[in-house]
Ligand SMILES: Cc1ncc(C[n+]2csc(CCOP(=O)(O)OP(=O)(O)O)c2C)c(N)n1
Ligand code: SF4
Ligand SMILES: [Mg+2]
């Protein structure tokens, strides 16, 4: 059903439709509206999930870890300092192959303290073993959450859905919130393999100690699992999603890419602004397009190589920087293209800490 | 190994703790008392490291280790998961709802829902996981939290923790020309737990397995959070002979240094009395290398005097001596 909703409200509603068993989260701007709305849904008796209030994000992440280990669907939401505070648990959840879903309402990290949007938070935990999606707009954020539970449970790994703080969490737009029936049809009841969760009838030890003999193999298995997910579980879930909901989700979001000689590459809601810039540049006869990434981990190397074939130059609009080198996405793109195409790569750091990203600014980059 | 072990157990032999380890010895009693309908959350530390090697787990119950400091919250998550599952199975949860905070009726043993139990060291409990434990207490979650107190970070090489005692020589509070060892008092977690309205709070030591078993059983009768802290001697960390574990653990109690208590809803309901001839603290200290420097200097001897005072104060406060009058000791006024 189409509704006029604030982004956060839409996320809270859709998460509830996914029938999580346990939700635990701790307030931090710009994620607060999501937790508040979920708490209200629970308070109004419209939810079946257990809502656990904690004293920190670190505890909230630990709560969903424990909940997921019992085999129920578990969810949290955070951003910025909260995500960094969770980091130790974030790694732990992935290492334990737990299919939790977390929303990151992307925000800059301290210092200086800043509550506005960039994506330094999520990019900082990209190595942890989570599948990481980025939404270009509110509808996509809604859809990616439904997809996230499916992907998490079919792969057996955690999924983070990133949506830009304020730009997507605090703006109001028309959103299609799917029917409960359709969501139920798509997600089904979670059924975890026997022995993969805490069960007194089948006692197993989780979070064991691995010696140098086993550790590396286990980590490499994790790497293989997350890589494999791209062409298997993720693509399959996207196809099924389209069948059930009639909307397309894909690994990249493009605009006028086909004949483009210059391509903007980024992640997140900057897509909207970039599209305006492309339209202006096209009016001036410049062959410009966009190839935004909806997936950061596993990294869609092959897709990038394919999509950027024939391109002369790409301009990477980085919303996160690896201090001491360059924009993190730039490095990732270079790696994907290495030895594939000869393309000029322009590294741009843009809109850190909520600095306005203006259309003219993007136009001038070309 | 397994065949040789006659009694059924949920804590299999073959773990690699030091011989004489007070912690693993006590953990066996704890888990066997809890029984198979139990889920254990273990914090990083000696107990976890020595019992969970991949493919060689000692645990006969479902066991999860996440991190050093987050066991309390992981346990809450497990409880929430179980609550959700049981709600969906149509089981009645009214008696075990996590929302009956501060009421904590004594509900008697519950057959169906698993006991959710945390087993954590003093470092995990007194220090790095303190905030998360406080959160668990505040939420009133129906979890039994057992702290195995060996008064230091033993797994990482006997560094001081908030539980280490005055005068203890640890690797981060070494004794020396200008030092008599740890100059801080042990953090009072018992008072903290009681202050948070934890309905069942108890202490014991590795010398009293029967007492430990009784307290575990008793704890399970209570709704809400339960906190049991057990002194468990550490062979290398304390510098004791492998056959002295029980003796040291007994002296800790009989000197009054580590009072063995049971506190129900803020009222001290049971204490282990000291013997007629209460041993002096020196008896306890001299068996342990971590205190041996205290005997060698005037400053050290002054510390021993202070330690004796702690024992005497405990005897006074908790009425530990055999002739002490029985009177109700209220540790907390009802909120
Ligand atoms: C965040 C973090 N800091 C430090 C450590 C290192 N570490 C592992 S176990 C441990 C000490 C454990 O002490 P305690 O909880 O008292 O258990 P014990 O080994 O003494 O039984 C430390 C410091 C860690 N694993 N994680
Ligand atoms: S170091 Fe101490 S606590 Fe650790 S296994 Fe040995 S005796 Fe037990
Ligand atoms: Mg310890």
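Points worth noting:
- So residue B:155, is it within 14 Å of chain A (Cβ to nearest Cβ), away from ligand 2 (no atom under 16 Å from the Cβ) and modelled with pLDDT of 95 or more: no
- Failed condition for residue B:118, given (1) closer than 27 Å to residue B:252 by Cα; (2) more than 8 Å from ligand 1 (Cβ to nearest atom); (3) more than 14 Å from the chain's Cα centre (by Cα); (4) within 12 Å of another protein chain (Cβ to nearest Cβ): (3)
- Selected residue (criterion: farthest from residue B:300 (Cα to Cα)) from residues of the range B:136-151 that are within 15 Å of ligand 2 (Cβ to nearest atom) and touching a strand residue (DSSP E or B) at 6+ places or on another chain (Cβ under 6 Å): B:146
- Restricting attention to the range B:208-234, the residues that are part of a loop (DSSP other than H, G, I, E, B) and more than 15 Å from ligand 2 (Cβ to nearest atom) add up to 6.
- Here the condition is being out of contact with any strand residue (DSSP E or B) (no Cβ under 6 Å at 6 or more places or on another chain) and in a loop (DSSP other than H, G, I, E, B); of A:243, A:235, A:258, it holds for A:258 alone.
- When the range A:61-91 is filtered for residues that are touching a helix residue (DSSP H, G or I) at 6+ places or on another chain (Cβ under 6 Å), at the interface with chain B (Cβ under 7 Å from one of its Cβ atoms) and touching a residue at least 60 places away in the same chain (Cβ under 8 Å), the ones remaining, listed by number, are A:70, A:72.
- One residue from A:189, A:185 being surrounded by fewer than 20 Cβ atoms within 10 Å (Cβ to Cβ) and within 14 Å of chain B (Cβ to nearest Cβ): A:189
- Listed by position, the strands (runs of 3 or more DSSP E) enclosed by the range A:120-188 that each have at least 2 residues that are closer than 15 Å to residue A:107 by Cα are A:159-164.
- When residue A:359 is tested against (1) within 30 Å of residue A:237 (Cβ to Cβ); (2) in contact (Cβ under 8 Å) with a residue 24 or more places away in the chain, exactly one condition is not met: (1).
- From the list B:237, B:266, the lone residue that is away from ligand 2 (no atom under 16 Å from the Cβ), crowded, with 17+ Cβ neighbours inside 10 Å and over 16 Å from residue B:26 (Cα atoms) is B:266.
- Condition check for residue B:121: closer than 30 Å to residue B:240 by Cβ and at pLDDT 95 or above: yes
- Any chance residue B:148 is part of a helix (DSSP H, G or I), within 12 Å of ligand 1 (Cβ to nearest atom), closer than 26 Å to residue B:63 by Cα and away from chain A (no Cβ under 14 Å): no
- All positions within the range B:121-145 that are more than 13 Å from every other protein chain (Cβ to nearest Cβ), within 11 Å of ligand 3 (Cβ to nearest atom) and in contact with a helix residue (DSSP H, G or I) (Cβ under 8 Å, 6 or more places away or on another chain): B:121, B:125, B:126
- Scan of the range B:49-68 for residues that are buried (at least 24 other Cβ atoms within 10 Å of the Cβ), at the interface with chain A (Cβ under 8 Å from one of its Cβ atoms) and within 16 Å of ligand 3 (Cβ to nearest atom), ordered by number: B:65
- Single residue of B:22, B:35, B:14 found to be farther than 16 Å from residue A:208 by Cβ, more than 10 Å from chain A (Cβ to nearest Cβ) and either surrounded by 19 or more Cβ atoms within 10 Å (Cβ to Cβ) or away from ligand 2 (no atom under 13 Å from the Cβ) (or both): B:22
- Candidates B:42, B:81 - the one that is in contact with a helix residue (DSSP H, G or I) (Cβ under 8 Å, 6 or more places away or on another chain), free of Cβ contacts under 8 Å to residues at least 12 places away in the same chain, crowded, with 17+ Cβ neighbours inside 10 Å and under 23 Å from residue B:134 (Cβ atoms): B:81
- Test: residue in the range B:252-264 that is in contact with a helix residue (DSSP H, G or I) (Cβ under 8 Å, 6 or more places away or on another chain) and part of a helix (DSSP H, G or I): yes
- Here is the figure for the range A:195-217: residues that are at the interface with another protein chain (Cβ under 9 Å from one of its Cβ atoms) and surrounded by 13 or more Cβ atoms within 10 Å (Cβ to Cβ) total 13.
- Restricting the range B:171-203 to residues that are touching a residue at least 60 places away in the same chain (Cβ under 8 Å) and assigned to a strand (DSSP E or B) leaves a set whose member that is surrounded by the most Cβ atoms within 10 Å (Cβ to Cβ) is B:201.
- Qualifying residue in the range A:339-351 (condition: surrounded by 17 or more Cβ atoms within 10 Å (Cβ to Cβ), on the phi < 0 side of the Ramachandran plot and in a helix (DSSP H, G or I)): no
- Filter pass, residue B:143 being at pLDDT 95 or above, over 30 Å from residue B:308 (Cβ atoms) and away from ligand 1 (no atom under 12 Å from the Cβ): yes
The values are calculated or read from the model by the stated rules, or taken from the named source; none is laboratory data. All figures in this text were calculated on a predicted structure; none of them were measured in a lab. All Cβ positions, even for glycine, are placed from backbone atoms using ideal geometry, and neighbour counts span all protein chains on display.
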